[in-house]
């Protein structure tokens, strides 16, 4: 075992869980046993909530300009330890080192945004009547929780950690049991940056801890990122316990390619979108709608896909179960009459035979009723459907239950605007394969890709992590009495 057994993080210290059951943490890169992660109990969660509640009064009363000083230092530490954090991310998740570096760089950008929050939560003041002043202030909620997935061990935690904590909340995070190492290192860096003990806590576990977080009376709000199936369960359970909840689910993102699209740029973007992070991201292109005759572009997409080599510039998928599930989707589509243009099944990497890899896969002549066209595959696979018109392409995009992202590839500005206005998705790209907004613009989809109000990052997150206090004051008796007083 490469690393010591993982422990929870409570009140500024790593502490053993009371639960005796543990799970192995296996690197998908080569099958190495990295560590073990505990399955915590409700008692462990109680301890973390108690620590967070004890820390909350002092932390929340600290002026926000002082709170964000922690995140100026945390940002510097992320930069200092970028290589180490990227290596750890690759080990436990399987993505390439370059992708892990990009993930940590995004963590840095997210933290940088948090340092700007004092300028964004200044509130409003207005003299509403002679001598009468109304004021609004953003105040923290209390103890909040964040449940994060395996596909971005560092970035998704940093979607919530800097903003929620800088805004005055104390946090409990539940990492994916598949990738629990990165969060522990982030905890160490936060402490080094000067974050007081108890403000940030980690409780490891599986479904039982997720349910306990949703039920715990001491937790005011819950954010979740994962599959739509689980997002619905978390949202329903948390809100039934009168908590705020923002639950991000899965996606089936459609790229609409028009005949006038620039071939080289389109091919590069499509191939990168479908294969980046081994397709294990909710912004991956997994469905392409070819409008009219775009065979020349499809040929170039295949050329680009063949340049993506497992173990070189394509990382592993998270485990054997995912590898087998992805390959079943490909085989089923082939059996149903789709044509496999680039086949990534049975991928092996020399020297890493125990790693779990799927090569880039391009499937043509897919029909909208096939599973590969409808369901989230979460692998480096793109399914191509063909239509004669843009409206037919939009009909396919809008019929899918998800609504995370959609993109159009065209050189026609009017047609791009037509699609932007009609595509049922929260994030739209024009000649961009992965239309993730940069800070301060927020991340969040529509439909069955998101449950709850607001977005998880950017300025939109302020409303989720705070509540608005309104005060009305009057000091001058000479103003007299009117209908307001």
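Key figures
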item	result
Within the range 39-55, considering residues that are assigned to a helix (DSSP H, G or I) and in contact with a helix residue (DSSP H, G or I) (Cβ under 6 Å, 6 or more places away or on another chain), the one surrounded by the most Cβ atoms within 10 Å (Cβ to Cβ)	45
Qualifying residue in the range 445-463 (condition: touching a helix residue (DSSP H, G or I) at 6+ places or on another chain (Cβ under 7 Å), without any contact (Cβ under 8 Å) to a residue 60 or more places away in the chain and surrounded by fewer than 21 Cβ atoms within 10 Å (Cβ to Cβ))	no
Boolean, residue 164 is under 23 Å from residue 57 (Cα atoms) and out of contact with any strand residue (DSSP E or B) (no Cβ under 8 Å at 6 or more places or on another chain)	no
Criterion (outside the structural domain of residue 423 (by TED's automatic domain parsing), surrounded by fewer than 24 Cβ atoms within 10 Å (Cβ to Cβ) and under 18 Å from the mean Cα position of the chain (by Cα)) met by exactly one of 243, 232	232
Residue list for the range 105-133, restricted to those being part of a loop (DSSP other than H, G, I, E, B) and within 22 Å of residue 467 (Cα to Cα)	116, 121, 122, 123
Strands (runs of 3 or more DSSP E) (entirely within the range 375-479) containing at least 3 residues that are closer than 21 Å to residue 277 by Cβ	381-387, 405-409, 427-430
Only one of 388, 395 that is surrounded by fewer than 21 Cβ atoms within 10 Å (Cβ to Cβ), assigned by TED's automatic domain parsing to the domain that holds residue 273 and either closer than 30 Å to residue 31 by Cβ or free of Cβ contacts under 8 Å to residues at least 24 places away in the same chain (or both)	395
Residue within the range 33-46 that is within 18 Å of residue 196 (Cβ to Cβ) and assigned by TED's automatic domain parsing to the domain that holds residue 165 present	no
Positions within the range 174-209 being in contact with a strand residue (DSSP E or B) (Cβ under 6 Å, 6 or more places away or on another chain) and under 23 Å from residue 21 (Cβ atoms), in sequence order	174, 177, 180, 183, 187, 201, 202, 203, 204, 209
Pick from the range 253-285, criterion in a loop (DSSP other than H, G, I, E, B) and in contact with a helix residue (DSSP H, G or I) (Cβ under 7 Å, 6 or more places away or on another chain), ranking: surrounded by the most Cβ atoms within 10 Å (Cβ to Cβ)	284
Residues within the range 300-325 that are touching a strand residue (DSSP E or B) at 6+ places or on another chain (Cβ under 9 Å) and more than 19 Å from residue 152 (Cα to Cα), tallied	5
Meets criteria (in contact with a strand residue (DSSP E or B) (Cβ under 9 Å, 6 or more places away or on another chain) and crowded, with 16+ Cβ neighbours inside 10 Å) for residue 134	no
Check on residue 353, in the same structural domain as residue 307 (by TED's automatic domain parsing), more than 22 Å from the chain's Cα centre (by Cα) and surrounded by fewer than 23 Cβ atoms within 10 Å (Cβ to Cβ)	yes
Subset of the range 20-38 that is at pLDDT 95 or above, in a loop (DSSP other than H, G, I, E, B) and at negative phi - its residue that is surrounded by the fewest Cβ atoms within 10 Å (Cβ to Cβ)	21
Residues satisfying the stated conditions in the range 222-238, i.e. part of a helix (DSSP H, G or I) and touching a residue at least 24 places away in the same chain (Cβ under 8 Å)	228, 231, 232, 234, 235, 237, 238
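Here is a yes/no grid of residues against (1) surrounded by fewer than 17 Cβ atoms within 10 Å (Cβ to Cβ); (2) assigned to a loop (DSSP other than H, G, I, E, B); (3) within 24 Å of the chain's Cα centre (by Cα); (4) touching a residue at least 24 places away in the same chain (Cβ under 8 Å):
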| residue | (1), (2), (3), (4) |
| --- | --- |
| 18 | yes, yes, no, yes |
| 57 | yes, no, no, no |
| 66 | yes, no, no, no |
| 88 | no, no, yes, yes |
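Rundown of residues vs (1) under 20 Å from residue 320 (Cβ atoms); (2) in a loop (DSSP other than H, G, I, E, B); (3) modelled with pLDDT of 95 or more; (4) out of contact with any strand residue (DSSP E or B) (no Cβ under 8 Å at 6 or more places or on another chain), yes/no style:
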| site | (1), (2), (3), (4) |
| --- | --- |
| 349 | yes, yes, yes, no |
| 356 | yes, yes, yes, yes |
| 362 | no, no, yes, no |
| 366 | no, yes, yes, no |
| 373 | no, no, yes, no |
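Matching residues to (1) free of Cβ contacts under 8 Å to residues at least 40 places away in the same chain; (2) not in a loop (DSSP other than H, G, I, E, B):
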| position | (1), (2) |
| --- | --- |
| 163 | no, yes |
| 173 | yes, yes |
| 177 | no, no |
| 187 | no, yes |
| 190 | no, yes |
| 208 | no, yes |
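The values are calculated or read from the model by the stated rules, or taken from the named source; none is laboratory data. Remember, it's a predicted structure, so these values are computed and weren't measured experimentally. Using ideal geometry, Cβ is built from the backbone for each residue, glycine included, and neighbour counts are taken over all protein chains shown.
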